[in-house]
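Enquirer: Let me give you the structure first, and then I'll get to my questions.
The values are calculated or read from the model by the stated rules, or taken from the named source; none is laboratory data. Predicted model only: the values in this text are computed from it and were never measured. Positions of Cβ are backbone-derived with ideal geometry, glycine not excepted, and every protein chain shown enters the neighbour counts. Calculation scope for accessible area: heavy atoms of the full protein, side chains included, ligands and nucleic acids excluded. Shrake-Rupley method; radii C 1.70, N 1.55, O 1.52, S 1.80 Å.
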Amino acid sequence: MNFLHSKYAHLIPYTPGEQPKESDFIKLNTNESPYEPAPSVMEAVKTGARTLNRYSDTAARIVVEPLAKQLGVKAEQVILGNGSDEILSFIFQAFTEKGMSFPDVTYGFYQIYCDMYQAQANIVPLKEDFRLDLAAYDELEGTVIIANPNAPTGLLLSCEEIAAFLKRHPNRLLVVDEAYIDFGGKSMVGSVDQFENLLVVGTFSKSRQLAGARLGYAVGNTQLIENLNRIKYSVNPYNINAMTQAAGAAVLAEQEYVEQCINETIQVREWSTQQLKQRGFEMTDSYCNFLFAKHPKLAGEALFEALREQKILVRWFNQPRTKDYLRISIGTKEQMERLMEAVDQILEGANQ
Ligand SMILES: *Cc1c(COP(=O)(O)O)cnc(C)c1O
């Protein structure tokens with residue numbers, strides 16, 4: 001007897017990147033920050049733990065207020081999620097009555113949430129070179145979601161192109177998932193007052209050292225945020241636990257440390273790009289904390305496996321358009337040096 005509701009019979013859940021038990025792996029597979037949180041953040045978590053006997057603040061004001069200030073919006077224009085994945089799940093529940101459109105090569109969860117919430121998915125192929133053209137969405141109906149910069153391609157769309165789409169389609173919602181915006185892009189957050197049809201999603205996982213704490217957010221006009229709160233308060237009002245709230249507030253008070261880590265990641269990304277190009281790799285122009293790279297002589301899967309044997313984890317997506325590529329998160333300089341040594345060994349082996 002299978003007790004599962006039949007509507008989930010064909011649901012294919014997300015496959016997370018491997019989180020190995022042994023710590024001798026170099027993890028370049030899930031786009032986390034390779035740097036620890038600032039010491040004050042770890043201290044704050046201890047303080048947060050003191051209130052674990054109480055339910056957490058449903059509005060998470062100790063995070064929402066400074067975050068709103070940092071983003072230049074009002075607190076009523078922000079909602080927090082247990083990771084931006086939860087925010088995305090609220091968005092797909094709330095705003096997909098007329099379907100959801102997104103690129104063929106993008107964050108895997110968009111398709112899964114469409115399946116999960118029975119939303120019509122309109123999949124729009126990226127151009128040959130993986131560029132995204134919003135004009136390709138003009139003739140469709142309903143909501144559009146894009147990751148900007150996109151994952152796993154790393155490519156960035158300009159704010160001007162996004163604003164032009166918002167102007168052309170005042171009756172369609174555009175969700176911009178800015179998980180990687182801090183690594184070189186310009187955020188659309190500053191435009192949420194200008195466009196009622198713009199919802200921006202962000203996360204503390206990639207550029208703020210809190211992947212394991214699970215903290216994400218959406219920013220938009222107050223009505224959009226009210227709509228999302230309607231879903232949140234119908235599913236899980238206490239969605240951000242006390243320790244995560246404390247960690248989030250502490251991170252927002254550590255902007256200088258956060259920016260140092262971002263700058264370091266950008267520098268290591270540029271160094272790694274050069275190093276991989278010298279070794280014959282081809283890659284997109286990444287604005288993220290990862291590279292999307294392929295080698296003309298090595299199949300994506302073979303390179304993934306060979307690196308894994310050397311205890312280096314990267315991400316390989318077994319999809320027709322991306323199977324030649326690896327998505328390589330930017331680690332510390334030392335970790336990337338290890339990667340280059342491993343690549344040299346593998347290339348030597350392939351040339352023999
Ligand atoms: C990592 C990622 C997310 C999810 O991040 P959370 O850890 O759930 O906040 C959302 N969108 C994109 C494009 C991502 O790469």
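Enquirer: Give just the number: which of (1) within 18 Å of E32 (Cβ to Cβ); (2) touching an Asp or Glu at 6+ places or on another chain (Cβ under 9 Å); (3) surrounded by 14 or more Cβ atoms within 10 Å (Cβ to Cβ) does G300 not satisfy?
Expert: (1)
Enquirer: If I ask for residues that are aliphatic (A, V, I, L, M) and open to solvent by 90 Å² or more (accessible area, probe 1.4 Å), which ones from region 1-42 would you list? Spell out how you get there, then give the answer.
Expert: The initial filter retains those residues of region 1-42 that are aliphatic (A, V, I, L, M), namely 1, 4, 9, 11-12, 26, 28, 38, 41-42.
Those that are aliphatic (A, V, I, L, M) and open to solvent by 90 Å² or more (accessible area, probe 1.4 Å): M1, L4, I12.
Enquirer: From the residues in region 67-88 that are within 25 Å of Q120 (Cβ to Cβ) and open to solvent by 10 Å² or more (accessible area, probe 1.4 Å), which one is farthest from the ligand (Cβ to nearest atom)?
Expert: E86
Enquirer: Suppose the filter is hydrophobic (A, V, I, L, M, F, W, C), within 16 Å of the ligand (Cβ to nearest atom) and surrounded by fewer than 20 Cβ atoms within 10 Å (Cβ to Cβ); does M100 pass it? Step through it out loud before you land on a result.
Expert: Values: hydrophobic (A, V, I, L, M, F, W, C): yes; within 16 Å of the ligand (Cβ to nearest atom): yes; surrounded by fewer than 20 Cβ atoms within 10 Å (Cβ to Cβ): no.
The answer is no for M100.
Enquirer: Among the residues of region 135-158, which ones are over 30 Å from N29 (Cβ atoms) and of a type outside the set (S, T, Y)?
Expert: Within region 135-158, A135, A136, D138, E139, L140, E141, G142 meet the criteria.
Enquirer: Please tell me if L291 is part of a helix (DSSP H, G or I), in contact with a helix residue (DSSP H, G or I) (Cβ under 8 Å, 6 or more places away or on another chain) and open to solvent by less than 50 Å² (accessible area, probe 1.4 Å). Steps first, please.
Expert: Details: part of a helix (DSSP H, G or I): no; in contact with a helix residue (DSSP H, G or I) (Cβ under 8 Å, 6 or more places away or on another chain): yes; open to solvent by less than 50 Å² (accessible area, probe 1.4 Å): yes.
Considered against the rule, which asks whether it is part of a helix (DSSP H, G or I), in contact with a helix residue (DSSP H, G or I) (Cβ under 8 Å, 6 or more places away or on another chain) and open to solvent by less than 50 Å² (accessible area, probe 1.4 Å), L291 comes out as no.
Each row is one residue, and each column tells you yes or no for (1) under 20 Å from A75 (Cβ atoms); (2) surrounded by fewer than 23 Cβ atoms within 10 Å (Cβ to Cβ).
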{"residue": "G185", "(1), (2)": "no, yes"}
{"residue": "G190", "(1), (2)": "yes, yes"}
{"residue": "V200", "(1), (2)": "yes, no"}
{"residue": "T222", "(1), (2)": "yes, yes"}
{"residue": "E226", "(1), (2)": "yes, yes"}
{"residue": "Q245", "(1), (2)": "yes, no"}
{"residue": "Q260", "(1), (2)": "no, yes"}
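Enquirer: I've got another one for you. Take region 247-258 and flag every residue that is open to solvent by 40 Å² or more (accessible area, probe 1.4 Å) and either over 19 Å from P37 (Cα atoms) or outside any loop (DSSP other than H, G, I, E, B) (or both).
Expert: First, pick out the residues of region 247-258 that are open to solvent by 40 Å² or more (accessible area, probe 1.4 Å): 253-257.
Of everything in region 247-258, those that are open to solvent by 40 Å² or more (accessible area, probe 1.4 Å) and either over 19 Å from P37 (Cα atoms) or outside any loop (DSSP other than H, G, I, E, B) (or both) turn out to be Q255, E256, Y257.
Enquirer: Now, a different point. If we keep just the residues of region 137-167 that are open to solvent by 50 Å² or more (accessible area, probe 1.4 Å) and assigned to a helix (DSSP H, G or I), which is farthest from Y107 (Cα to Cα)?
Expert: Only one residue fits best here, namely K167.
Enquirer: Just one of the numbered conditions (1) part of a helix (DSSP H, G or I); (2) under 20 Å from the mean Cα position of the chain (by Cα); (3) surrounded by fewer than 16 Cβ atoms within 10 Å (Cβ to Cβ) is not true of R131; which one?
Expert: If we test R131 against (1) part of a helix (DSSP H, G or I); (2) under 20 Å from the mean Cα position of the chain (by Cα); (3) surrounded by fewer than 16 Cβ atoms within 10 Å (Cβ to Cβ), just (1) comes out false.
Enquirer: Among the residues in region 119-130, are any among the polar types (S, T, N, Q) and within 15 Å of the ligand (Cβ to nearest atom)?
Expert: Initial filter on region 119-130 (among the polar types (S, T, N, Q)): 120, 122.
Narrowing further to those that are within 15 Å of the ligand (Cβ to nearest atom): none.
Within region 119-130, none of the residues are among the polar types (S, T, N, Q) and within 15 Å of the ligand (Cβ to nearest atom).
Enquirer: OK, next. Residue by residue through region 264-278, note down the ones that are open to solvent by 30 Å² or more (accessible area, probe 1.4 Å), touching a residue at least 40 places away in the same chain (Cβ under 8 Å) and closer than 13 Å to E337 by Cα.
Expert: W271, Q275
Enquirer: Related question: For region 103-112, give me each residue that is within 10 Å of the ligand (Cβ to nearest atom) and in contact with a strand residue (DSSP E or B) (Cβ under 6 Å, 6 or more places away or on another chain). Break it down into steps so the answer makes sense when it comes.
Expert: The initial filter retains those residues of region 103-112 that are within 10 Å of the ligand (Cβ to nearest atom), namely 106-110.
Hits for region 103-112 are T106, Y107, Y110.
Enquirer: Another question about this same structure. Within region 99-125, how many residues turn out to be of a type in the set (G, A, S) and either closer than 17 Å to N150 by Cα or touching a residue at least 60 places away in the same chain (Cβ under 8 Å) (or both)?
Expert: So the answer is 2.
Enquirer: Of the conditions (1) part of a loop (DSSP other than H, G, I, E, B); (2) within 25 Å of W316 (Cα to Cα); (3) open to solvent by 20 Å² or more (accessible area, probe 1.4 Å), P170 clears all except one; give me its number.
Expert: (2)
Enquirer: Just wondering, is there one or more residues in region 9-24 that are in contact with a Leu (Cβ under 9 Å, 6 or more places away or on another chain), in contact (Cβ under 8 Å) with a residue 12 or more places away in the chain and aromatic (F, W, Y)?
Expert: no
Enquirer: Could I ask something else about it? I'd like to check something: does region 299-309 contain any residue that is over 21 Å from the mean Cα position of the chain (by Cα), among the aromatic types (F, W, Y) and at pLDDT 95 or above?
Expert: Within region 299-309, the first condition is being over 21 Å from the mean Cα position of the chain (by Cα), and the residues that meet it are 299-309.
Still in the list and also among the aromatic types (F, W, Y): 304.
Still in the running and at pLDDT 95 or above: 304.
Checking region 299-309: at least one residue is over 21 Å from the mean Cα position of the chain (by Cα), among the aromatic types (F, W, Y) and at pLDDT 95 or above.
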